[in-house]
Amino acid sequence: MTQNSNTPKLSVIIATYNRAEPLRRTLRSLAAQTLDKSLWELVVVDNNSGDSTPAIIDTFAAEHPEVRLRRFVEKRQGVSHARNRAFTESVAPIIVSIDDDEEAFPNFLEVYLEFFESHPHINAAGGDNVPLYEECPRPEWMSTYTETPIAALVRMGDRRRPFRKGRFFMGGNMAMRREVFEKYGLLHSELGRTGSSPLAGEEKEFFFRMQRAGEEIWFLPEAKIYHIIPAYKLTRGYFLNLCYMTGRSEKLRTQRRGKWAYFKRVCAEQVKWWGTLVIALGFLLKGEKPKAKYLIDMRMAITQGLFN
C-alpha cells in the first residue's frame with residue numbers, strides 16, 4: 001500500500017456484536033490513549049447487532065471528533081468475518097485488534113507503535129490480558145487453569161520475549177503488520193465466535209500458520225488490556241459450554257490440517273488428562289475441592305468437544 005502524509009501509522013480494529021455498554025467502555029479507553037490521535041484510526045465493524053450498538057458508536061463519534069473513526073456493517077455472521085472485514089477496510093501498515101468487552105491501558109497503542117518501529121524485522125505481537133471482575137468476585141472454584149478459557153489469559157511474565165511453545169496471542173490483544181495478511185491470508189471463517197456460540201480457535205490457527213512459516217511473534221507485557229468478565233460467564237452452564245466449544249474448535253482447527261494433526265491433538269489430550277489429574281490431586285490435598293472439581297469438569301468438557 002502506498003502511504004501519504006495522511007495515512008495513520010496504526011489501524012485499531014474492533015469487531016462488535018450486541019455488547020453496546022461494554023463497547024462504550026472500550027471506545028472511551030481508546031479515546032484516552034496517550035498516543036497522538038493523528039497517528040491512528042479506529043475501524044469498528046458491527047456484526048448485525050440488534051441492541052443500541054449503532055447509537056453508542058454515533059454518540060462516541062460526536063463526542064470525540066478528534067478520533068478518526070470509520071464504521072462498517074458486516075452481514076456475514078461471525079467474529080472472523082467481522083475481523084476480516086476490519087482488516088481489509090483498515091489503511092495503516094500496522095493493525096491492532098481489541099475486543100468489544102475490553103478496556104485498553106492508556107499507553108496500549110503507544111507500546112505497540114514503539115515496538116514495531118524499533119523492531120522492523122518483527123511482523124506480529126500480542127499483549128497481556130488482565131481480568132476485571134466487577135459484577136461479582138472471582139469464584140472460589142476458579143484457578144489459573146479454569147480462568148484461562150474464561151478470561152483469555154496469556155500470562156508470560158513481565159519481560160518482552162517471543163511467544164514460547166504452546167502459547168499464542170488472543171484476538172482481543174494482537175497486532176500485525178499489514179503484510180502478514182498479504183502473505184498468509186485472513187482468518188478462517190469457520191472458526192471463531194458466531195453470534196452467542198463461543199466457538200474459538202481462529203486467532204490460534206492464524207498464529208500457528210505464521211509460526212510454521214517462520215515468523216517470530218513477540219509477547220509485550222506492557223501492551224495491557226482489562227478484560228471485563230460479566231457474571232454470566234462465571235455460571236457453571238456457561239463455563240462447561242465454553243470448554244466444550246473449545247474442544248470443538250480444536251477438532252475443527254486440527255482437522256483442517258489433516259488427519260495426522262488431529263491424531264496428534266488427540267494424543268496430546270491424553271497427556272493433558274494426566275496433568276489435570278495430578279493438579280486436581282494437589283488441590284484436593286490442600287482442601288480446595290471446588291478447584292479440583294472444576295478443573296476435571298473443564299478437561300472432560302474439552303475432551304467431549306474434541307471427539308464429538
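The values are calculated or read from the model by the stated rules, or taken from the named source; none is laboratory data. It should be emphasised that the depicted structure is a prediction, and the values quoted were computed from it without experimental measurement. Cβ: placed from backbone, ideal geometry, glycine included. Neighbour counts: every protein chain shown. Please note that ligands, DNA and RNA were not included when accessible areas were found on the heavy atoms of the full protein model with its side chains. Shrake-Rupley method; radii C 1.70, N 1.55, O 1.52, S 1.80 Å.
What the table shows:
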| item | result |
| --- | --- |
| Given (1) in a loop (DSSP other than H, G, I, E, B); (2) of a type in the set (Val, Ile, Thr); (3) at pLDDT 95 or above, index of the condition THR146 fails | (1) |
| The range 75-91, residues that are at pLDDT 90 or above and either over 16 Å from ASN18 (Cα atoms) or over 15 Å from the mean Cα position of the chain (by Cα) (or both) | LYS75, ARG76, ASN84, ARG85, ALA86, PHE87, THR88, GLU89, SER90, VAL91 |
| Failed item in (1) within 25 Å of TYR244 (Cα to Cα); (2) surrounded by fewer than 17 Cβ atoms within 10 Å (Cβ to Cβ), with LEU153 passing the rest | (2) |
| Residue count for the range 172-185, restricted to those that are under 15 Å from the mean Cα position of the chain (by Cα) and either over 24 Å from ILE229 (Cβ atoms) or not in a strand (DSSP E or B) (or both) | 2 |
| Single match in THR53, THR59 (criterion: in contact with a Leu (Cβ under 8 Å, 6 or more places away or on another chain), of a type in the set (Ser, Thr, Tyr) and modelled with pLDDT of 95 or more) | THR53 |
| Tally of residues being in contact (Cβ under 8 Å) with a residue 60 or more places away in the chain and under 21 Å from the mean Cα position of the chain (by Cα) across the range 139-151 | 7 |
| Odd one out for GLU110, checked against (1) modelled with pLDDT under 90; (2) surrounded by 18 or more Cβ atoms within 10 Å (Cβ to Cβ); (3) out of contact with any helix residue (DSSP H, G or I) (no Cβ under 6 Å at 6 or more places or on another chain); (4) charged (D, E, K, R) | (1) |
| Output for the range 81-93, where each listed residue is among the hydrophobic types (A, V, I, L, M, F, W, C) and open to solvent by 10 Å² or more (accessible area, probe 1.4 Å) | VAL91 |
| Subset of the range 120-140 (residues that are out of contact with any His (no Cβ under 8 Å at 6 or more places or on another chain) and surrounded by fewer than 19 Cβ atoms within 10 Å (Cβ to Cβ)) | PRO120, HIS121, ILE122, TYR133, GLU134, GLU135, CYS136, PRO137, ARG138, PRO139, GLU140 |
| Enumerated helices (runs of 4 or more DSSP H) restricted to the range 217-308, each holding at least 2 residues that are among the β-branched types (Val, Ile, Thr) and surrounded by fewer than 18 Cβ atoms within 10 Å (Cβ to Cβ) | 259-285 |
| Some residue of the range 188-208 being at pLDDT 85 or above and part of a loop (DSSP other than H, G, I, E, B) | no |
| Test: residue in the range 257-274 that is in contact with a helix residue (DSSP H, G or I) (Cβ under 7 Å, 6 or more places away or on another chain), touching a residue at least 24 places away in the same chain (Cβ under 8 Å) and among the hydroxyl-bearing types (Ser, Thr, Tyr) | no |
| Residues located in the range 63-80, provided they are touching a residue at least 60 places away in the same chain (Cβ under 8 Å) and open to solvent by 40 Å² or more (accessible area, probe 1.4 Å) | ARG68, ARG76, GLN77 |
| The range 35-62, residues that are in contact (Cβ under 8 Å) with a residue 60 or more places away in the chain and open to solvent by less than 40 Å² (accessible area, probe 1.4 Å) | LEU35, TRP40 |
